[in-house]
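The values are calculated or read from the model by the stated rules, or taken from the named source; none is laboratory data. Note that the structure is predicted; figures quoted are calculated from it, not measured. Every residue, glycine as well, gets a Cβ built from its backbone with ideal geometry; the counts of neighbours run over all protein chains shown. For accessibility, only protein heavy atoms count, side chains too; no ligands or nucleic acids. Shrake-Rupley method; radii C 1.70, N 1.55, O 1.52, S 1.80 Å.
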Amino acid sequence: MVATVAACQIGVQLVVKVITYGTFDLFHEGHRRLLERAKALGDYLIVGVTTENYDDSRGKLNVAQSLMERIRNVVDSGLADEVIIEEYEGQKVQDIQKHSVDIFAIGSDWLGKFDYLGDYCKVVYLERTKGVSSTQLRNESAGVLRVGVAGAGRIASRFVAEARFVSGVSVEAVYSRSYDKAKDFAARLELEWANETYEDLLKHVDAVYIATPHATHYDFARRAIEAGVHVLCEKPMTLTSAETAELFERAQAAGVVLLEAVKTAFSPGFQRMVAVARSGSIGRVRSVDATFTKLVTAGRELTGADGGSISELATYPLLAVVKLLGTNYTELRTVSLRPEGSETEVFSRIDLVFPHAVASARTGLGVKAEGELVVAGTRGYIYVPAPWWLTEYFEARFEDSRQNKKYYYKFDGDGLRYELAEFAWMIRARTTESFKLRAAESIAMADMIEKARASATIIR
């Protein structure tokens, strides 16, 4: 216990105790409003502040302030009657009983998550406070990144949900070509507003996440860069190397961050796997084989000039290729399956030749295969089981199996928090490139995708 105001009764009237929890990093007006609303539910407010270790265990990223600084944030607000420290999963159950709590209050973005606490007290989900000024939020908390979303589909919804695990980020607005769809998206995910035009969105945010159809990425990214807005763009950034290279040149000239949203590139397990493979522990890497397939029966992936398994999925296996073998391939060959009557290819194999290695990337929307990654070296190999792009576990295997080593890492949620955390860090650090995914690597992947789609041998 860090700060306490002792109280059990007010005269003979029982005190209604309320408890809430949070990280309270970079304390801003949104935090204050939540505490005010929680306090209004009763007479005595207990606030639990999470430790660094607990934040890490629950997948909270980019926490900027120390535990003591975050506790001070809450104490200085003057709203907490008591501050406690939350250190482990399950502690809420014990805290509620220990402190004789009547009401547990939490933000509505956790709706349903804490229903189980209803066995111990009343559970109240507080709706996101609408009307909190973005300017006020920015001024009161230096470093809080205001993010807008372009697109209102499934991946955009997952992005908003994942963003709550990245400290110092506030997703506030959405734009969609359908204003009605944008309004529904904003209401459902409790964003501050929906925008009728993309230009209006860009005027009110520091950064934009582009989750629109592939063919629109270039235009949306270019317009954001021209407006001085940082860009996190879904993969593939574009379908040509020229457009991708141009966007990076524009971003560099404008002094804004441009990052391709390939979640695997920023996940801890994949990063460690690349480091182990490139360290020489399995010798010199001679081959990379990566597969990503899923069964899709309808949707935009299977229609139009920009559909197909290569445009939809090839970024992932090609990421493994460029991170492990580099970008200087000498030859590329592709074979694609396009059944009669299909608008797009549904399965492809892209084979690449490097000066001293080979690689194979397999993608499928209508064919299912084992989604594994195998990295072959001169002393051993690395095996990453399906789904390797959500890397939680891999093995380094050798001729002498007694030398084998297993590695385990967390992959939290949908993984979008990893790309957003890196994006936010780059903006705060004022750097335009991350070693986890360099501009040259995104350009190379666009080049490989472009050539694979254009030169594929089609089989029926």
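Does Y44 qualify as being open to solvent by less than 40 Å² (accessible area, probe 1.4 Å), closer than 17 Å to S167 by Cα and of a type in the set (S, T, Y)?
no
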Sole exception among (1) surrounded by 15 or more Cβ atoms within 10 Å (Cβ to Cβ); (2) of a type outside the set (S, T, N, Q); (3) touching a Gly at 6+ places or on another chain (Cβ under 7 Å) for R379, by number = (1)
Within region 370-386, track down each residue that is of a type outside the set (D, E, K, R) and within 11 Å of A290 (Cβ to Cβ).
-> G371, L373, V374, V375, V384, A386
Over region 223-266, the set of residues aromatic (F, W, Y) and closer than 27 Å to A305 by Cα is F248
Check region 329-347 and report whether any residue there is free of Cβ contacts under 8 Å to residues at least 40 places away in the same chain and within 27 Å of the chain's Cα centre (by Cα).
-> no
Restricted to region 80-93, and to residues that are out of contact with any strand residue (DSSP E or B) (no Cβ under 6 Å at 6 or more places or on another chain) and buried (at least 17 other Cβ atoms within 10 Å of the Cβ), which residue is farthest from L45 (Cα to Cα)?
-> Q91
Checking V358 against (1) open to solvent by 40 Å² or more (accessible area, probe 1.4 Å); (2) without any contact (Cβ under 8 Å) to a residue 60 or more places away in the chain; (3) farther than 30 Å from A251 by Cβ, which single condition isn't satisfied?
-> (2)
Count, please, the residues in region 338-355 that happen to be modelled with pLDDT of 95 or more, among the hydroxyl-bearing types (S, T, Y) and open to solvent by 10 Å² or more (accessible area, probe 1.4 Å).
-> 0
How many residues of region 382-395 are outside any helix (DSSP H, G or I) and open to solvent by less than 50 Å² (accessible area, probe 1.4 Å)? The answer is 8
Run L14 past the list (1) of a type outside the set (K, R); (2) touching a Cys at 6+ places or on another chain (Cβ under 9 Å); (3) within 23 Å of M426 (Cα to Cα) and report the number of the one that doesn't hold.
-> (3)
Modelled with pLDDT of 95 or more, open to solvent by less than 30 Å² (accessible area, probe 1.4 Å) and within 17 Å of G299 (Cβ to Cβ), is that true of T363?
-> yes
So the strands (runs of 3 or more DSSP E) completely within region 219-297 holding 1 or more residues that are open to solvent by 50 Å² or more (accessible area, probe 1.4 Å) and touching a Gly at 6+ places or on another chain (Cβ under 8 Å) are 285-293
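Residues are listed down the side, and each one gets a yes or a no for (1) in contact with a Lys or Arg (Cβ under 9 Å, 6 or more places away or on another chain); (2) touching a residue at least 12 places away in the same chain (Cβ under 8 Å); (3) farther than 24 Å from R349 by Cα; (4) of a type outside the set (A, V, I, L, M):
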{"residue": "T240", "(1), (2), (3), (4)": "no, yes, no, yes"}
{"residue": "A245", "(1), (2), (3), (4)": "no, yes, yes, no"}
{"residue": "R250", "(1), (2), (3), (4)": "yes, yes, yes, yes"}
{"residue": "L258", "(1), (2), (3), (4)": "yes, yes, yes, no"}
{"residue": "Q271", "(1), (2), (3), (4)": "yes, yes, yes, yes"}
{"residue": "V274", "(1), (2), (3), (4)": "yes, yes, no, no"}
{"residue": "R278", "(1), (2), (3), (4)": "yes, yes, yes, yes"}
{"residue": "K294", "(1), (2), (3), (4)": "yes, yes, no, yes"}
{"residue": "D306", "(1), (2), (3), (4)": "yes, yes, no, yes"}
Any strands (runs of 3 or more DSSP E) falling wholly within region 23-130 and containing at least 1 residues that are of a type in the set (F, W, Y) and modelled with pLDDT under 90 = none
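Residue by residue through region 298-332, note down the ones that are within 28 Å of A440 (Cβ to Cβ), hydroxyl-bearing (S, T, Y) and open to solvent by 10 Å² or more (accessible area, probe 1.4 Å). Walk me through how you get there before you give the answer.
If we filter region 298-332 for residues that are within 28 Å of A440 (Cβ to Cβ), which is where we start, we get 301, 305-332.
From what's left, hydroxyl-bearing (S, T, Y): 309, 311, 315-316, 327, 329-330.
Answer for region 298-332, where residues must be within 28 Å of A440 (Cβ to Cβ), hydroxyl-bearing (S, T, Y) and open to solvent by 10 Å² or more (accessible area, probe 1.4 Å): Y316, T327, Y329, T330.
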Matching option when the condition is farther than 24 Å from E450 by Cβ and either of a type in the set (S, T, Y) or modelled with pLDDT of 95 or more (or both), among T330, T334, T297 | T297
Counted residues in region 58-76 being in contact with a His (Cβ under 9 Å, 6 or more places away or on another chain) and either at positive phi or of a type in the set (A, V, I, L, M) (or both) come to 1
Regarding L416, is this residue crowded, with 20+ Cβ neighbours inside 10 Å and either under 16 Å from the mean Cα position of the chain (by Cα) or not polar (S, T, N, Q) (or both)?
-> yes
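Step by step: first the residues of region 396-412, then only those that are surrounded by 15 or more Cβ atoms within 10 Å (Cβ to Cβ) and not hydrophobic (A, V, I, L, M, F, W, C), then the one that is nearest to A163 (Cα to Cα). Which residue is that? Even if it seems obvious, please write down each step before you answer.
We begin by selecting, within region 396-412, every residue surrounded by 15 or more Cβ atoms within 10 Å (Cβ to Cβ); these are 396-398, 407, 409, 411-412.
If we keep only those that are not hydrophobic (A, V, I, L, M, F, W, C) as well, we get 397, 407, 409, 412.
Values: R397: 36, Y407: 27, Y409: 21, D412: 12 Å.
That would be D412.
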Name the single residue, out of those in region 422-443 being open to solvent by less than 10 Å² (accessible area, probe 1.4 Å) and of a type outside the set (S, T, N, Q), that is farthest from G148 (Cα to Cα).
-> L437
